[in-house]
Amino acid sequence: FVFEPMLALGEQTWLWSIGYGAFFVMACLCAFNLRHQADPPQRHKAARPSPVWILWAILAATGSMLLVATTNQMCQDIAVTPFLWVVPLSLYLVSFIICFEREAWYDRRVWGALFILSVAATLYLQAQREDVDVIAQAVVYCGLLLTGAVVCHGELVRLKPPTEGLTAFYLVMSAGGALGGAFVSLAAPLLFVGYWELYLSILITTGALGAALWHSSAQWKHLAVRYGARAAAVGTLLAICAVTNALMQDFLDDAVKTSRNFYGVLRIYHVGAGTDDAYKSLVHGRIIHGAQFDHSPRRDAPIRYYAPSTGVGAAIENHPARGVRPMKVGVVGLGVGTLTAFGQPGDAYRVYEIDPAVIDAAQNDFQYLSRSQADVELLLGDARVSLERESPNGFDVLAIDAFSGDAIPTHLLTLEALRLYTSHLSPEGVLALHITNRHVDLWPVVWALSQELSLEVLYTTTRRDPDTAVSATDWVLLSTDRKALAAPALSGRHNPPEASPKGVRWTDQRTDILTILR
């Protein structure tokens, strides 16, 4: 929040390196000053391992699972940006300070109640299908992480052994934290088709809290209070189990196909199956990445964000080369392959996609690629890296469709990236940027970069039309040639939200997403 907006990436690297070097020197000085310290007193023989070691590992692992799971969820639902990694990590570390600095700071009644409230808010958020405010999402997920981590680490401190057992305690705690993070990062994508490790972390934390309450209630004198508290603990755990199970069932029942990998969760929905208006749609997180009707003639029509009435559709259909010679079109972000439906015999479409699961879905579950009249070439990998390795392609239209999801790949919208894109355009080529987004306003970034590169700009907005299956969408068309955007069907569509917005200049050294949050 302070250094990232102020300093470029290289400056941050040097500052961090200098700080780390200073830390190394001071650590060496501490070791040097301790060289004459007397031998420590003879310690008592450590107790033999007991089942409490398992509890240490479980509680430490659960806190780590909460950290990684909530960070993943925030990046999926909000954006992939450094400040959304730093905030959860900071809260996770604060939970250690709260619990280990002074045991009195962890009051099970207070933090337990706050955790249950955070769980209720999180599950309510998970059940929402419509857009949720970005700040509300961040507050809820961060609240869950902080309260859950404090509960886990607070109960961990309560189980801390005497001095002679602290070495084993901290060793097991560190190993448990590493195992929790490894489970979410490595095992969960193989075991779960959704981000269910978040639910698992919630259930384990609730179970640990309930077990601690059950154990401590044995000393309570009033039987009604004792058994009432135990019943409340069991009932809360069962209620959370029921809600999470319902959410998982709803997740599975709605989709006809679900897959998960490093890049997130993909689901395919079949709406209105068996009717004339039946269609399939591909969803990543909460974002629709394309759809296709089942039956002709609508099956071959580009729809949603890519309909002929959208900016990219108009750019392709009104390009000077259309119908005169074969066109070369580049696409960054495959989706279901909708843009290839514009292809005519002889056209060449070169599509860049980083997620192999998206390619699999487009080839096997949708028919745009197989029915396109153009010669379609798919390239797996990061589009910018691929374009940097290629000779200029001379694209008549290059569509960058990587910003409509909640995870914004900022490296695809920097000054250096736009220079790269324009180098791959033909003399009358058009660069089409899809900037539709729920949480960030990319127009100031595009406007600032277009001014610096002296590009012609045309901002197009398309309203939602359920009758023609068109989604509300914003495309910005850029070109080095004024004539490329002069066609009447294009020139009359310029409708920017502001004539001259406050520019936000992104480069490979500095991308500040905080200033463009909606």
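The values are calculated or read from the model by the stated rules, or taken from the named source; none is laboratory data. What you see is a predicted model; the values in this text were computed from it and never measured. With ideal geometry, Cβ positions are generated from the backbone for all residues, glycine too; neighbour counts draw on all protein chains shown. For the accessible areas, the whole protein counts, side chains as well, though only heavy atoms, and no ligand, DNA or RNA atoms are used. Shrake-Rupley method; radii C 1.70, N 1.55, O 1.52, S 1.80 Å.
Looking at the stretch 261-290, which of its residues are farther than 22 Å from His439 by Cα, open to solvent by less than 50 Å² (accessible area, probe 1.4 Å) and not hydroxyl-bearing (Ser, Thr, Tyr)?
Correct list: Asn261, Ile268, Gly272, Ala278.
Taking the stretch 214-225 as the region of interest, how many residues are farther than 24 Å from Ile202 by Cα and modelled with pLDDT under 75?
Residues flagged as farther than 24 Å from Ile202 by Cα and modelled with pLDDT under 75 within the stretch 214-225 amount to 5.
Considering only residues that are of a type in the set (Gly, Ala, Ser), out of contact with any Phe, Trp or Tyr (no Cβ under 6 Å at 6 or more places or on another chain) and in contact (Cβ under 8 Å) with a residue 60 or more places away in the chain, which ones fall in the stretch 268-300?
Hits for the stretch 268-300 are Gly285, Gly290.
Restricting the search to the stretch 341-364, which residues are of a type in the set (A, V, I, L, M), in a helix (DSSP H, G or I) and farther than 20 Å from Arg304 by Cα?
Residue satisfying the conditions is Ala357 alone.
Could you check Arg464 against (1) at pLDDT below 90; (2) over 30 Å from the mean Cα position of the chain (by Cα) and say which number it fails?
(2)
Quick one: which residue in Leu34, Leu55, Leu7 is under 24 Å from Val172 (Cα atoms) and either modelled with pLDDT of 75 or more or in contact with a Cys (Cβ under 9 Å, 6 or more places away or on another chain) (or both)?
From the options Leu34, Leu55, Leu7, the qualifying one is Leu55.
Only one of Ser491, Ser454 is on the phi > 0 side of the Ramachandran plot and over 32 Å from the mean Cα position of the chain (by Cα). Can you tell me which?
Ser454
I'd like to verify a number: residues in the stretch 307-329 that are free of Cβ contacts under 8 Å to residues at least 60 places away in the same chain and open to solvent by less than 10 Å² (accessible area, probe 1.4 Å), how many?
Qualifying residue count, the stretch 307-329: 1.
Return the only residue of Val193, Val119, Val140 being under 30 Å from the mean Cα position of the chain (by Cα), part of a loop (DSSP other than H, G, I, E, B) and of a type in the set (Val, Ile, Thr).
Testing whether each residue is under 30 Å from the mean Cα position of the chain (by Cα), part of a loop (DSSP other than H, G, I, E, B) and of a type in the set (Val, Ile, Thr) leaves just Val193.
Give the residue that is farthest from Gly272 (Cα to Cα), with candidates limited to residues of the stretch 456-468 that are surrounded by fewer than 19 Cβ atoms within 10 Å (Cβ to Cβ) and in contact with a strand residue (DSSP E or B) (Cβ under 7 Å, 6 or more places away or on another chain).
My answer is Glu456.
Against the definition (in a helix (DSSP H, G or I), over 30 Å from Ser259 (Cα atoms) and open to solvent by less than 40 Å² (accessible area, probe 1.4 Å)), how does His153 come out, yes or no?
Yes: the conditions hold for His153.
Return yes when Asp396 is assigned to a strand (DSSP E or B), among the acidic types (Asp, Glu) and either within 18 Å of Arg267 (Cβ to Cβ) or modelled with pLDDT of 90 or more (or both) and no when it is not.
Judged against the criteria, Asp396 is a match.
Can you pull out every residue in the stretch 306-320 that is out of contact with any Ser or Thr (no Cβ under 8 Å at 6 or more places or on another chain) and either closer than 17 Å to Pro488 by Cβ or part of a loop (DSSP other than H, G, I, E, B) (or both)?
Correct list: Pro308, Gly313, Ala315, Ile316, Glu317, Asn318, His319, Pro320.
Which of the residues spanning the stretch 469-488 are loosely packed, with under 15 Cβ neighbours inside 10 Å and within 28 Å of the chain's Cα centre (by Cα)?
Ala472
Here is a list of conditions, (1) without any contact (Cβ under 8 Å) to a residue 60 or more places away in the chain; (2) buried (at least 19 other Cβ atoms within 10 Å of the Cβ); (3) closer than 30 Å to Met74 by Cα, and Leu425 meets all of them except one; can you say which number that is?
(3)
Checking Arg384 against (1) among the basic types (Lys, Arg); (2) part of a strand (DSSP E or B); (3) under 27 Å from Cys75 (Cα atoms), only one condition comes out false. Which one?
(2)
Could you grab me the full set of residues in the stretch 365-394 that are in contact with an Asp or Glu (Cβ under 7 Å, 6 or more places away or on another chain), of a type in the set (A, V, I, L, M, F, W, C) and within 23 Å of Arg304 (Cα to Cα)?
Listed by number, the residues that qualify are Ala374, Leu378.
Identify, by number, the condition in (1) in contact (Cβ under 8 Å) with a residue 12 or more places away in the chain; (2) under 24 Å from Ala121 (Cβ atoms); (3) open to solvent by 50 Å² or more (accessible area, probe 1.4 Å) that Ala231 doesn't meet.
The single condition Ala231 does not satisfy is (1).
Here are the criteria: (1) in a strand (DSSP E or B); (2) farther than 26 Å from Asp396 by Cα. Tell me which single one Ser296 does not satisfy.
Status for Ser296: all satisfied but (1).
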